[in-house]
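First the structure, in the form of structure tokens, and then the observations on it.
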Amino acid sequence: MTVRVLAVLSVAAGLAAQTITVPPGAGTAEQGSVSVNPFASSNVSGAGVPNRMQVVYDAANFAGITTPVLITRMKFRSNGVAATWAGGSISNMIVEMSTCPVDYLAMTSTFANNHGADRSTVWNNAVTILPGTSTAATNPNPPGGVMFVDLDLASLGTPFSYNPALGDLVIDFQSAGFAGTVTGSVPNCDALSTGALARRSFTNIGQFTATGTTPAANAIVVEFDYAPIGGIYANFTASPRAGGSPLSVTFTDQSSSGAGPITSWAWDFTNDGVDDDFTQNPTFVYPCGTHSVRLTVGDGVNAPVTIVRPNLIVTDEITASFIWSSPSAGTVQFTDTSNPPATAWDWDFNGDNMTDSTLPNPQWTFGDCLPHTVRLNAQRNCGPIATVSNRVVSAITLETQFTGGSVGASNWCNLFDVNVTNAFGLEICGLDVVPNTTATSFPVDIYICPATITGNESVPGVWRKVATGMGGPASSGVRNYLTLDKPIYLAPGTYGFMLHHVPVSSGLQAGQIYSSSGANNYGNADVTISNCKVRGGLFTGTLFTPRIWNGAFYYATCDTSGEASYGVFDLGCAGTQGVARNNLVAAPRLGNTMTAEFTNLPIDAAIVLIGFSRTSSPFGSLPLDLTSFGAPMCLGRVSPDATEFITGTGNVANFNLGIPNIPGLLCGQFYTQALVLDPGINTLNATVSDAAAAVIGN
């Protein structure tokens with residue numbers, strides 16, 4: 001007996017034809033996307049070329065259909081745009097349907113692989129493109145399109161028997177192209193793309209081409225006419241189907257019979273051949289493992305039927321995840337957040353594929369400020385092992401945003417204000433940036449000035465280059481770590497901060513990715529970044545604002561890590577050798593000798609001022625204008641609580657200061673500035689160097 005005869009007998013038996021539109025909701029709402037028309041390879045007037053399109057619809061689109069049905073008609077709606085077309089015809093179209101042997105998400109571009117054993121030709125005939133007019137519409141408004149193709153399978157084709165319980169639905173359109181010219185544009189089909197429970201593949205190079213495009217989310221709107229098929233059918237749902245053991249699962253019978261109600265149920269919850277329950281909607285508690293479920297139902301008239309759902313219940317399948325924080329520089333506290341909760345852990349902190357900890361929430365000391373890939377293998381009871389890896393930097397972090405959107409080439413600069421509020425200052429040990437290109441490596445020079453960037457963007461004399469960061473290997477648009485050649489210490493206060501993406505050569509340089517919109521203020525209890533700008537050159541070029549730096553600071557503070565620090569907090573005045581610099585050689589650590597290097601000394605000699613204040617001195621408030629002392633344009637910035645005369649050679653001299661190994665001195669702060677001897681420069685015969693702040697650390 002043919003399927004068409006079955007359809008006729010079904011209707012004769014009084015089974016009313018019903019209608020369903022997929023995707024769900026499409027019957028009353030425009031879906032807002034379009035699909036390449038399976039009934040035409042082009043949207044323009046003229047003859048369409050042979051083409052093929054295959055769509056696999058998830059069975060979930062047919063919710064409410066719980067028994068096998070006979071699909072007797074399919075109608076297709078145009079998308080909601082203002083358009084009119086006069087119609088036409090396709091000389092021949094073959095439409096095949098089947099139950100997909102795999103989930104729609106596993107659809108491939110090879111058409112034959114997506115067809116099931118019930119593959120059937122439901123249409124092998126000409127197709128009429130009905131004339132029509134559509135109006136503009138968007139989701140969730142009512143549809144603006146009209147039905148422009150009507151495939152009456154019961155009259156001109158072959159109806160298809162489909163049971164959603166057995167798999168997803170395949171519709172395979174194979175078009176020979178237009179017969180003659182179609183007047184007016186052929187409409188696209190209304191379709192859902194984002195969130196569609198369907199996949200589509202197509203080709204425009206032949207009616208019987210074997211492969212198409214990579215499958216993508218797209219559900220063409222189809223109105224199906226269908227009629228239930230008589231008989232007894234077993235079906236059920238289970239909820240939940242996954243979770244931690246012991247897992248309580250409730251089963252809901254959805255079986256049906258054309259002869260009357262279902263009268264018997266036999267549940268085998270583990271498919272071991274032993275029936276476990278004989279009620280209609282039972283509950284069962286599962287131990288750890290993956291379990292198949294069997295249901296046999298009877299109606300007292302037909303022979304009992306059985307359905308088996310393989311691997312339906314999976315317990316203790318875990319999604320591995322973790323978070324981390326840095327309670328002190330170099331040390332990271334990890335917290336497992338796997339779901340459902342894990343019962344076993346295997347942590348690898350240093351990338352050597354060896355187990356470093358089996359604790360759920362371990363702490364690890366890296367001892368550096370470099371990024372590390374941390375891997376967690378998590379398992380719950382007997383469930384499968386799940387793995388997750390994250391990039392971790394063992395330092396306190398302040399991030400801006402990483403949304404991108406705009407690009408600056410090499411030689412461009414990011415400029416922004418940094419306001420340090422931590423009483424001990426902070427020491428930046430690394431940064432993240434987002435390069436605009438692929439590069440083996442790329443340099444970024446870092447400058448600071450002792451004031452806001454506003455008004456100082458184009459004044460080179462107020463800036464000091466404090467470090468060079470080296471990034472790479474880099475990929476365009478991917479966050480990349482900059483390794484600094486020296487740490488950057490910022491004492492409490494406001495600074496201008498500038499990153500110059502140094503031009504070198506192709507493959508060894510990178511520009512920047514930044515954002516033209518978003519918040520322009522990012523901060524925590526220690527530091528704030530604000531007033532972000534960009535420009536196309538170092539101290540030159542048009543300033544664009546606001547332009548948000550896409551980046552991060554990695555830093556330490558003495559109060560959290562005992563970090564020893566030293567860095568310039570304000571500028572000196574120029575002498576015959578320029579401004580004398582005040583640079584760190586060896587940090588001020590307990591039980592060690594701190595060394596600072598003073599450069600640009602005209603006669604290789606200076607008097608170093610060591611003070612415990614940068615706001616007041618025996619001579620008055622700081623900074624102190626030295627004009628009255630004979631040094632105009634010079635400012636004393638350090639209280640002269642102690643002094644030391646230093647000499648050297650080559651315009652350079654070192655200042656050494658022994659730090660006693662006394663724990664009470666930890667995080668103690670002091671300041672240095674040199675009175676630079678420069679005969680004849682002014683009546684004082686001296687200038688002053690840059691001023692630096694120091695914090696005693698471990």
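The values are calculated or read from the model by the stated rules, or taken from the named source; none is laboratory data. Just so it is clear, the structure is predicted and the values come from calculations on it, not from any experiment. Cβ atoms come from the backbone with ideal geometry, glycine included; neighbour counts cover every protein chain shown. For the accessible areas, the whole protein counts, side chains as well, though only heavy atoms, and no ligand, DNA or RNA atoms are used. Shrake-Rupley method; radii C 1.70, N 1.55, O 1.52, S 1.80 Å.
Select from the stretch 149-188 the residues that are at pLDDT below 90, open to solvent by less than 30 Å² (accessible area, probe 1.4 Å) and in contact with a Pro (Cβ under 7 Å, 6 or more places away or on another chain) and write down the one among them that is nearest to Ala86 (Cα to Cα).
Gly177
Mind checking which residues of the stretch 503-527 are crowded, with 18+ Cβ neighbours inside 10 Å and either free of Cβ contacts under 8 Å to residues at least 40 places away in the same chain or touching an Asp or Glu at 6+ places or on another chain (Cβ under 8 Å) (or both)?
Asn520, Tyr522
Checking His291 against (1) touching a Phe, Trp or Tyr at 6+ places or on another chain (Cβ under 6 Å); (2) at pLDDT 95 or above; (3) open to solvent by less than 60 Å² (accessible area, probe 1.4 Å), which test does it fail?
The number of the failed condition is (1).
Mind checking which residues of the stretch 374-409 are in contact with a Leu (Cβ under 9 Å, 6 or more places away or on another chain) and open to solvent by 20 Å² or more (accessible area, probe 1.4 Å)?
Result: Thr387, Val388, Ser389, Asn390, Ile396.
Among Thr194, Thr250, Thr237, Thr270, which is the only one that is surrounded by fewer than 16 Cβ atoms within 10 Å (Cβ to Cβ), in a loop (DSSP other than H, G, I, E, B) and not acidic (Asp, Glu)? Before the answer, list the steps.
On the way: Thr250 fails: in a loop (DSSP other than H, G, I, E, B); Thr237 fails: in a loop (DSSP other than H, G, I, E, B); Thr270 fails: surrounded by fewer than 16 Cβ atoms within 10 Å (Cβ to Cβ).
Of Thr194, Thr250, Thr237, Thr270, the one residue that is surrounded by fewer than 16 Cβ atoms within 10 Å (Cβ to Cβ), in a loop (DSSP other than H, G, I, E, B) and not acidic (Asp, Glu) is Thr194.
Among (1) free of Cβ contacts under 8 Å to residues at least 60 places away in the same chain; (2) surrounded by 18 or more Cβ atoms within 10 Å (Cβ to Cβ); (3) not hydroxyl-bearing (Ser, Thr, Tyr), where does Asn361 come up short?
Unmet for Asn361, out of (1) free of Cβ contacts under 8 Å to residues at least 60 places away in the same chain; (2) surrounded by 18 or more Cβ atoms within 10 Å (Cβ to Cβ); (3) not hydroxyl-bearing (Ser, Thr, Tyr): (2).
Just the residues that are hydroxyl-bearing (Ser, Thr, Tyr) and within 25 Å of Gly680 (Cα to Cα), please, taken from the stretch 570-599.
Let us first name the residues in the stretch 570-599 that are hydroxyl-bearing (Ser, Thr, Tyr), namely 576, 593, 595, 599.
Across the stretch 570-599, the qualifying residues are Thr576, Thr599.
Please enumerate the residues belonging to the stretch 65-100 that are more than 23 Å from Val305 (Cα to Cα) and outside any strand (DSSP E or B).
Asn79, Gly80, Val81, Ala82, Ala86 - these are the residues of the stretch 65-100 that are more than 23 Å from Val305 (Cα to Cα) and outside any strand (DSSP E or B).
Against the condition assigned to a strand (DSSP E or B) and open to solvent by less than 60 Å² (accessible area, probe 1.4 Å), how does Phe569 come out, does it pass? Quick ask: steps written out before the conclusion?
Numbers: assigned to a strand (DSSP E or B): yes; open to solvent by less than 60 Å² (accessible area, probe 1.4 Å): yes.
Here the answer is yes, as Phe569 does meet what is asked.
Write out, first by first residue and then by second, each pair whose Cβ atoms fall under 9 Å of each other, whose residues are 6+ apart or on separate chains, and whose first residue, in the stretch 225-243, is free of Cβ contacts under 8 Å to residues at least 60 places away in the same chain while the second is of a type in the set (Gly, Ala, Ser) and open to solvent by 50 Å² or more (accessible area, probe 1.4 Å).
The qualifying pairs are Pro240/Ser248.
What residue, among those in the stretch 113-145 that are under 36 Å from the mean Cα position of the chain (by Cα) and among the hydrophobic types (A, V, I, L, M, F, W, C), is surrounded by the most Cβ atoms within 10 Å (Cβ to Cβ)?
Ala137
Looking at (1) within 22 Å of Glu427 (Cα to Cα); (2) open to solvent by 30 Å² or more (accessible area, probe 1.4 Å); (3) among the aliphatic types (A, V, I, L, M), which is the only condition Leu675 fails?
It is condition (1) that Leu675 fails.
Would you please name the residue that is farthest from Ser239 (Cα to Cα), looking only at residues in the stretch 299-318 that are polar (S, T, N, Q) and surrounded by 13 or more Cβ atoms within 10 Å (Cβ to Cβ)?
Asn302
Can you report the number of residues in the stretch 619-634 which are farther than 19 Å from Ala694 by Cα and open to solvent by 50 Å² or more (accessible area, probe 1.4 Å)? Please lay out each step first, then the result.
Pass one, the stretch 619-634, residues farther than 19 Å from Ala694 by Cα: 619-621, 624-634.
Next, from what is left, pick out any that are open to solvent by 50 Å² or more (accessible area, probe 1.4 Å): 619, 621, 625, 627-629, 632-633.
Going through the stretch 619-634 one residue at a time, the tally reaches 8.
What number goes with the only condition from (1) modelled with pLDDT of 95 or more; (2) farther than 20 Å from Thr557 by Cβ that Arg479 does not pass?
(1)
Please work out which residue is nearest to Phe402 (Cα to Cα), limiting yourself to the stretch 451-472 and to residues that are open to solvent by 20 Å² or more (accessible area, probe 1.4 Å) and touching a Phe, Trp or Tyr at 6+ places or on another chain (Cβ under 6 Å).
Gly472
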